[in-house]
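Please read the structure below before turning to the comments.
The values are calculated or read from the model by the stated rules, or taken from the named source; none is laboratory data. For clarity, every value in this text was computed on a predicted model and none was experimentally measured. Cβ placement follows ideal geometry from the backbone for every residue including glycine, while neighbour counts extend to all protein chains displayed. The area values use the complete protein model at the heavy-atom level, side chains included, leaving out ligands, DNA and RNA. Shrake-Rupley method; radii C 1.70, N 1.55, O 1.52, S 1.80 Å.
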Amino acid sequence: MLETLIEIGRQARHSIEEAGDIETLEKVRVTVLGRKGHLTEILRGLAGLPIEQRKSTGEQANVLREELERMIADKTATLKRKSIGEKLAADRIDTTLPGFPFSRGRFHPLRQTLEEISSIFVSLGFSVAEGPELETDWYNFEALNIPPDHPARDNQDTFYLAGDKRLLRTHTSPVQVHVMEKQNPPLKVIVPGRVFRNEATDATHSAIFHQVEGLAVDERITFSYLKGILTLFVHRFFGANVDLRFRPSHFQFTEPSAEVDIQCTICKGAGCRICKGTGWLEMLGCGMVHPNVFKAVNYDPEKYTGFAFGIGVERFAMFKYGVDDIRLFYENNLKFLEQF
Amino acid sequence: MKISYLWLKDFVAFDESPSDIARMLTFLGIEATVPSAAGATWKNVITAKVLDVQKHPNADKLSLCSLTDGQSTFSVVCGAPNVAAGQVVPLALIGAELPGGLKIGKAKIRGVESQGMICSERELGLREESAGIMVLPDSIAPGKPLAEALSGGDTTIEVEIPTNRPDALSHAGIAREIAAKLRKPVTFPDTKQKSIPADVNVTILESELCPRYTGAIIENVTVAPSPAWMAQRLEKCGLRPINNIVDITNYVLLEMGHPLHAFDLDKLDGKALTVRRAQPGEKFNALDGKEYPLADSMLVIADNSRAQAVAGIIGGADSGVSQSTRSILLESALFAPYSVRRTSKTLGISTDSSYRFERGCSWDSAELAGWRAINLIEELSGGTLRARKDVTTKTFVPVNITLRPARAAHLLDVPFTSKEAESILSLLGCKVTPAGDALSVDVPSWRLDLKQETDLLEELIRIKGYEHVPTAVMPVMPDIREGKKAESAENIARARLASLGFSEAVNYSFSEKKSLEFFSLEPAHLIANPLSKENEALRPSLLPGLWKNFILNSGKGNERILLFETGTIFTKAGERKSLAILACGNVWEQWWAWKNNSAPRTYDYYFIKGIIESIFCDGNKFTVTENSAPSAYFHPGQSARLEANGTMLGEFGMLRPEYNATVAFAEFDISAIEQNWNRQPPLYESLDRFPPVKRDLSILAPKNIAFSKISATVSASVPPAKNITLSCRLDDIYEDDQKLGADKRSYTMNLTFHPATHTLTDQEAGQLLDGIIADLQKLSISLRA
């Protein structure tokens, strides 16, 4: 009986070692340890043996069973590792082939600029208003202190509609009037929008461009607040180290009026072709709301003061991205759009 | 406007350089520049007199010139045909360097030595183009550095005067600004005013349009060239000297800003002038040699038979000053700005005179400028003032404004004492008298822009300098009356489109009529005054613009063009915001791993539909429905509309085959979308607590039944009371004329029942499926065998 056990053990160890895959190993296990396996049958036959023999054979058979079970478990783990390794090797791909070309759409650089400008003012507590592009003479000119036959109209060549009294707004300022007609002070509002000038298009002029208008009205709004808010804005947009200066200008709907220049972003103030050697770039117009504009919307000019400003989006975008021809913005060449 | 630096010094004493003055003016609100002098690079370029011109011995087209600088003689080869003995010309000597970088050295031209080069204006950098050499006025002496000879030691300053400051359209006006800034007195030319008979026949018939007209008769004038100092100043300011009389009117215009006109008295019928409206049909021969038709809205200065000047704009050819003129009638008048402006626009004539009158001239200057010109004419032409008449149709009342200096701190955050305010305003010509805490300010007649207190406050801070205004941080008080603004549907749609690979376009708001016709679109609005065809109509759709972009990009070799735009369109119903999408080409970029994929790879109807559903239908009760009347450019069988509760939000689909490109297009009404956009936060739906049950359903349906009808029937078949939601996914479509019949189509759908209250048994699921099949049978749809 012992010889038989030793022989089973020897053969089983050999077969386990030789097994090259999980299936063969499983066959070995069934042959030895399965329900009808050689070792299982010996263990089952123990009951029919004399007592001493039963004891010694039983011990040895159990030792062998534990040994073989451990060997099979170890071997199973080894074979599994081997099989996964083979699968991994077989599934290997060239990871340097191009990945799937998901495409990414772009927002138009003018819209990006417009939204950057708007978001700065929104963070400073301004709300956003919009108005119609087709306007009446009253909103575009008269309510803004530009009476009929006034030479200031020459600066704003206007598109008129055929067979209709309306015109295409020449600035976003008429929305100031709409807002003040609907709302009482205090108010702080910006107006992004499209404006129209009847002039020939070239690298720096466009018959259509975009503005962001700003307006703040309250009982104690001063010129110094206007300087403060525009200084914050310019620093947020162009960087905190960019110098700016205010100089007198003229707009019919503000008094006093100012033009804001910033240090040339190209030459940093040294003087170059872009700034025509001055070191400064004219960036935006602003001023304190003219009392006649307040009168046009029935605000008391003694009680309220306010400031207004107008930012040319194309101009800001041109300096931000270094675009030297305004027409590129309206051509919509994908090679251009995909750069932003 | 060009002004002369030296001329300014006639009125105010200062030491600042031309560029300092330009900077000062810029910070006073008058943008000024000193044009970069081309002369800076004219080293060794002198004036020289041509003594003799000979033919070059070896070249037909060259000549050999002999020139002098007054001391030495130079022999120079010249190729210009206009060179002639006696001329004073610019001569670049050996060692000179010209603006283009050209260096003049010793040279032999066709065997003859040339000791320099006679220059053209182009070579000197004075003009872009020039024909032949530059010939200088005879008055210029030879032997001077060219820069000095041309400038006369003076510098031109270019200024841009704001529309509200006609008073600054003159040297005196600019000098007044400088004086105020420097807090220095300003002195204007003395006018010698004589008391003389008012024996001038002047009548004003239109008192509204002409509040003041002074006419002066000066006899025995000798018309001759102006003296050099006057001619040079006019040239410095860009005016061509003509003769002493005309030059004096121009000189006074540039000096005092008031336009004058001199008539030849002997050419005036009846030696009389009437200020009247033009007669209908009246014609006018102007000084510019053209004939203009006049209208009765226009004001003219007429003699007894016809118009001799269009008031404030241009004089007549018949009564202009000529060599033979002996007596003149000098006009110094005031005309209503709006009338001059309208007439100038109607006739298309803009002159130095009309430019000033339409901005406004001053009551006082009308008189002073007249006297100044009379004095100069007497002095320079030998004439004698015989009569002068000043006709006024109203009384001038100076504007008086009450200024509260405390208001400066209120508006500007800059305190002004009464004393400082008075000092600044006085320098600008105002009469200031204290009135309690305030100041009573009489505005001089030339400051037409000063009408109310705020205008004076601007003057105070303008002269003091904007740099004195502090930079203060305004308290940030967010306006929360309207609550937090939800993100606009427009921006959500834009972001979703960009994430799907679409780039944003921005197009002009205009369309050519031709491009609208191409899409059978009607413009709702035409532009009355377009500059070109491109501007003739307002776009009624975003399609023509995007189509133009498509053509451009397709021409550049792009095989895949994905664009969208949001912008205002103009329809008969008014202007509104629109969103449009254009897609053409491969859905996915060409990729090495596409093998036998059977999915379509180019944008077709189902792709654009998928995009629209993913952008708009997610979270909104928007539905895609059949479009019974699509826009003309859509393929009628491959387009649909997007709706919300029966409201049309827009349409989309494939363009018609006639456009010869497989292009998907979509356009939506943004405001309708905003109105119907679901702003409610989504309400949480509990996750499946009971296992979902899946069943497949294969049916055979007549082709003329729309799939939406089938899926709606399936969905409606499960009664709501059962608390079971059904999702239905189309798995396969199969057609086979032989096996199924040409009019039938088979659909396979994966149905999933999600019970909310209990576990669904097989039997229940079977009953639900039977119910669906029964409902479908009512539509002649059968189970597929």
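Which residues' amide hydrogens lie under 5 Å from the amide hydrogen of B:T647, considering only partners 5 or more residues apart or on another chain, with H built in the peptide plane?
none
Using a Förster distance of 30 angstrom, determine the FRET efficiency expected from the C-beta separation of A:D164 and B:Q452, and round it to 0.05. Working shown, then result.
Values: r = 35 Å, r/R0 = 1.17.
Once the sixth-power term is evaluated, E becomes 0.30.
Within 15 Å, Cβ to Cβ, of B:K184, how many net charges do the neighbouring residues add up to if Lys/Arg are +1 and Asp/Glu are -1? All intermediate terms of the calculation are to be shown ahead of the outcome.
Working: positive: B:K9, B:R176, B:K181, B:R183; negative: B:D10, B:D15, B:E16, B:D20, B:E177.
Spelling it out: positives minus negatives among the neighbours equals -1.
Hey, rough spin-label estimate for B:E626 and A:S56, points 7 angstrom out along Cα→Cβ, what's it come to in nanometres?
Computed distance between label sites B:E626 and A:S56 equals 9.6 nm.
Straight-line reach from B:K609: which aspartates and glutamates have a Cα under 16 Å away, not including same-chain ones fewer than 8 places off?
B:D618, B:E626, B:E643, B:E651, B:E667
If R₀ is 51 angstrom, what is the calculated FRET efficiency for the pair B:D269 and B:L526, using the beta carbon separation as r and rounding to 0.05? Spell out each step's value before the answer.
Numbers: r = 48 Å, r/R0 = 0.94.
E between B:D269 and B:L526, to the nearest 0.05, is 0.60.
Can you list residues whose amide H is under 5 Å from A:R106's amide H, if they're 5+ apart or on another chain and H is modeled 1.01 Å from N?
Excluding prolines and chain starts, which carry no amide H, the hits are B:S503, B:E504.
With everything on Cα atoms, drop me the angle between helix A:109-123 and the longest principal axis of chain A, reported from 0 to 90° to the nearest 10.
80
Per residue, how much accessible area does the protein assembly as shown have with a 1.4 Å probe, in Å²?
Numbers: 52960 Å² over 1125 residues.
Result: 47 Å² of accessible area for each residue.
From the Cα trace of segment B:393-463, what convex hull volume per residue do you get, rounded to a whole Å³? Walk me through the intermediate numbers first.
Working: hull volume 5.7 nm³, N = 71.
Hull volume over Cα atoms, normalised by residue count, gives 80 Å³.
Of the trypsin sites (Lys or Arg not before Pro) in segment B:728-785, which ones lie in a loop per DSSP and count no more than 14 other C-beta atoms within 10 Å? Walk me through the numbers before you get to the answer.
Values: sites: B:R729, B:K739, B:K744, B:R745, B:K778, B:R784; in loops: B:K778, B:R784.
In loop regions of segment B:728-785 (DSSP not H, G, I, E or B), the sparsely surrounded trypsin sites (Lys or Arg not before Pro) are B:K778.
What number, rounded to the nearest 500 deg cm²/dmol, is the helix-based mean residue ellipticity at 222 nm of the protein assembly as shown, given -39500 (n - 2.57) per DSSP H run of at least four residues and division by all its residues?
Only helices count here, giving -9000 deg cm²/dmol.
Using only the alpha carbons, work out the radius of gyration and Dmax of segment B:526-672 in angstrom.
Cα-based Rg and Dmax for segment B:526-672 come out at 16.6, 58 Å.
Pairs B:K194/B:K271; B:K283/B:K513; B:K103/B:K144; B:K345/B:K464; A:K165/B:K513: which are spaced more than 27 Å apart, C-alpha to C-alpha?
Working: B:K194/B:K271 22 Å; B:K283/B:K513 38 Å; B:K103/B:K144 20 Å; B:K345/B:K464 38 Å; A:K165/B:K513 21 Å.
Long pairs (Cα-Cα over 27 Å): B:K283/B:K513; B:K345/B:K464.
My understanding is that a pair violates if its Cα-Cα distance is over 26 Å; which of A:K188/A:K268; A:K276/B:K43; B:K184/B:K389; B:K2/B:K181; B:K184/B:K431; A:K335/B:K572 do that in this structure? If you can, show how the numbers build up before the last one.
Details: A:K188/A:K268 32 Å; A:K276/B:K43 24 Å; B:K184/B:K389 36 Å; B:K2/B:K181 21 Å; B:K184/B:K431 17 Å; A:K335/B:K572 36 Å.
Too far apart for the 26 Å limit: A:K188/A:K268; B:K184/B:K389; A:K335/B:K572.
Calculate I(q)/I(0) for segment B:38-151 by the Debye formula, one identical point scatterer on each C-alpha and no solvent, and give its log10 at q = 0.14, 0.18, 0.21 Å⁻¹ to two decimals.
The computed values of log10 I(q)/I(0) come out as -0.50, -0.85, -1.18.
Kindly provide the Kirkwood hydrodynamic radius of the protein assembly as shown in Å, to one decimal, from all pairs of distinct alpha carbon atoms. Please report the intermediate quantities before stating the final value.
Details: mean 1/r = 0.0263 Å⁻¹.
The answer is 38.0 Å.
Can you give the relative contact order of chain B as a percent, counting alpha carbon pairs under 8 Å and 6+ residues apart? Walk me through the numbers before you get to the answer.
Details: 1500 pairs, mean separation 63.5, N = 785.
After rounding, I find 8 percent.
Could you tell me the total accessible area buried at the B-A interface, probe 1.4 Å, in square angstrom to the nearest hundred? Walk me through the numbers before you get to the answer.
Numbers: alone 40760 and 19680 Å², together 52960 Å².
Adding both sides of the contact gives about 7500 Å².
Taking all protein chains as present, what is the carbon and sulfur share of the accessible area of chain A, in % to the nearest whole number, probe 1.4 Å?
Numbers: 8310 of 15960 Å².
Reported share for carbon and sulfur atoms: 52 percent.
Give the span of segment B:604-685's Cα atoms along each principal axis, as three whole-Å numbers ordered largest to smallest.
Cα extents, longest axis first: 47, 21, 18 Å.
So for chain A, averaging the separation of alpha carbon pairs under 8 Å that are six or more residues apart and normalising by length, what relative contact order in percent results?
Here the relative contact order equals 15 percent.
Of all the C-alpha pairs in segment B:110-159, what % are more than 15 Å from each other? Let's see the in-between values first.
Numbers: 746 of 1225 pairs.
Beyond 15 Å sits 61 percent of the P(r) for segment B:110-159.
Longest span of chain B, sites excluded, free of chymotrypsin sites (Phe, Trp or Tyr not before Pro) in DSSP loop with at most 15 other C-beta atoms within 10 Å? Mind showing how you got there, number by number?
Working: sites that count: B:F396, B:W591, B:W592, B:W594, B:Y684.
With chymotrypsin sites (Phe, Trp or Tyr not before Pro) excluded where exposed in loops, chain B gives B:1-395 as its longest stretch.
Over segment B:615-694, what is the relative contact order in whole percent, taking alpha-carbon pairs under 8 Å and six or more residues apart?
Details: 99 pairs, mean separation 17.7, N = 80.
Averaging sequence separation for qualifying contacts and normalising by length gives 22 percent for segment B:615-694.
Could you tell me how far the Cα centroid of segment B:347-374 sits from the Cα centroid of segment B:305-319, in Å?
Using only Cα atoms to place each centre, the spacing works out to 15 Å.
5 Å is the cut-off here: which amide hydrogens, built 1.01 Å from N in the peptide plane, fall below it relative to B:E31, excluding neighbours closer than 5 in sequence?
Under 5 Å from the amide H of B:E31: B:E160.
When the gyration tensor of segment B:173-259 is built from Cα positions, what are the square roots of 5 times its three eigenvalues, in whole Å, from largest to smallest?
Values: eigenvalues 145, 95, 41 Å².
Taking √(5λ) for each Cα gyration eigenvalue gives 27, 22, 14 Å.
Which value, in Å² rounded to 10, gives the accessible area of B:L6 with a 1.4 Å probe and all protein chains present?
Ignoring ligands and nucleic acids, B:L6 comes out at about 70 Å².
For segment B:201-392, what is the per residue volume of the convex hull drawn over the alpha-carbon atoms, in cubic angstrom? Each step should come with its number before you reach the end.
On the way: hull volume 19.4 nm³, N = 192.
Each residue corresponds to 101 Å³ of Cα convex hull volume.
Could you please state, rounded to a whole Å, how far the C-alpha centre of segment A:271-340 is from the C-alpha centre of segment B:412-453?
Cα centroid of segment A:271-340 versus Cα centroid of segment B:412-453: 33 Å apart.
I need the helices of chain B that pass two filters: whole DSSP H segments spanning 24 Å or more by Cα along the axis, and mean Kyte-Doolittle score no lower than -0.5.
Values: long enough: B:363-381 (27 Å, 0.00).
Sorted by number, the helices that extend far enough and score high enough are B:363-381.
Across segment A:2-90, how many lysine pairs, 8 or more positions apart or on different chains, have C-alpha atoms separated by under 28 Å? Please give the number.
9
What number comes out for the charge environment of B:L299, summing +1 per Lys or Arg and -1 per Asp or Glu over other residues with Cβ under 9 Å away?
On the way: positive: B:R276, B:R277; negative: B:E206.
Around B:L299, the charge tally is +1.
Sort all Cα-Cα distances of segment B:112-258 into consecutive 5 angstrom bins from zero, then give the percent of pairs in each bin up to the one containing the longest distance.
2, 6, 10, 14, 16, 14, 13, 9, 6, 4, 3, 1, 1, 0, 0
Cα extents of chain B along the three principal axes, largest first, in whole Å?
So the three principal-axis extents are 125, 88, 59 Å.
DSSP loop trypsin sites (Lys or Arg not before Pro) in segment B:352-425 with at most 12 other Cβ atoms within 10 Å of their Cβ, which ones?
On the way: sites: B:R356, B:R359, B:R372, B:R386, B:R388, B:K389, B:K394, B:R407, B:K419; in loops: B:K394.
Taking segment B:352-425 and a limit of 12 other Cβ atoms within 10 Å, the loop trypsin sites (Lys or Arg not before Pro) found are B:K394.
Using the Karplus equation 6.51 cos²θ - 1.76 cosθ + 1.60 (θ = phi - 60°), what ³J(HN,Hα) coupling, rounded to whole Hz, does each residue of segment B:301-312 give in order, writing x for Gly and Pro?
Values per residue, Gly and Pro as x: 9, 10, 8, 6, 10, 7, 5, 10, 7, 8, 3, x Hz.
Please give me the summed charge of the neighbours of B:P197: other residues whose Cβ is under 14 Å from its Cβ, Lys and Arg +1, Asp and Glu -1.
Surrounding charge for B:P197 is +1.
Once every Cα of segment B:693-783 carries one equal point scatterer and solvent is ignored, give the base-10 log of I(q)/I(0) from the Debye formula at q = 0.11, 0.12, 0.26 Å⁻¹, two decimals.
Log-scaled intensity ratios, in q order: -0.31, -0.37, -1.42.
Within the set B:K621/B:K722; A:K182/A:K295; B:K709/B:K744; A:K303/B:K419; B:K744/B:K778, which residue pairs have Cα atoms separated by over 21 Å? All intermediate terms of the calculation are to be shown ahead of the outcome.
Values: B:K621/B:K722 23 Å; A:K182/A:K295 14 Å; B:K709/B:K744 15 Å; A:K303/B:K419 26 Å; B:K744/B:K778 16 Å.
Violating the 21 Å Cα-Cα cut-off are B:K621/B:K722; A:K303/B:K419.
Quick check on segment B:327-440: what does the Kirkwood estimate of hydrodynamic radius come out to from the alpha carbon pairs, in Å? Numbers along the way, then the final one.
Working: mean 1/r = 0.0555 Å⁻¹.
So the Kirkwood estimate lands at 18.0 Å.
Residue-wise, which Karplus ³J(HN,Hα) couplings in Hz belong to segment B:689-704, taking 6.51 cos²θ - 1.76 cosθ + 1.60, θ = phi - 60°, and x for glycine or proline?
Result, ordered by residue: 8, 10, x, x, 10, 10, 9, 9, 9, 10, 10, 10, 10, x, 5, 7 Hz.
Mind listing which GluC sites (Glu not before Pro) in segment B:654-757 are in a DSSP loop and have 12 or fewer other Cβ atoms within 10 Å? Display every interim value, and only then the final one.
Numbers: sites: B:E658, B:E667, B:E674, B:E685, B:E735; in loops: B:E685, B:E735.
Sparse-neighbourhood loop GluC sites (Glu not before Pro): B:E685, B:E735.
Need one number for chain A: average projected area of the convex hull over its C-alpha atoms, nm².
Details: hull surface 140.8 nm².
Taking the Cα atoms of chain A, their convex hull projects to 35.2 nm² on average.
To the nearest µm²/s, what D does Stokes-Einstein give for segment A:2-90 at 25 °C and 0.890 mPa s, using the Kirkwood radius over alpha carbon pairs as Rh? Present the calculation step by step, with values, prior to reporting the outcome.
On the way: Rh = 14.0 Å.
Answer from the Stokes-Einstein relation: 176 µm²/s.
What spacing in nm lies between the two simple spin-label points modelled at B:D437 and B:H410, each 7 Å away from Cα in the Cβ direction?
It works out to 0.9 nm between the two label points.
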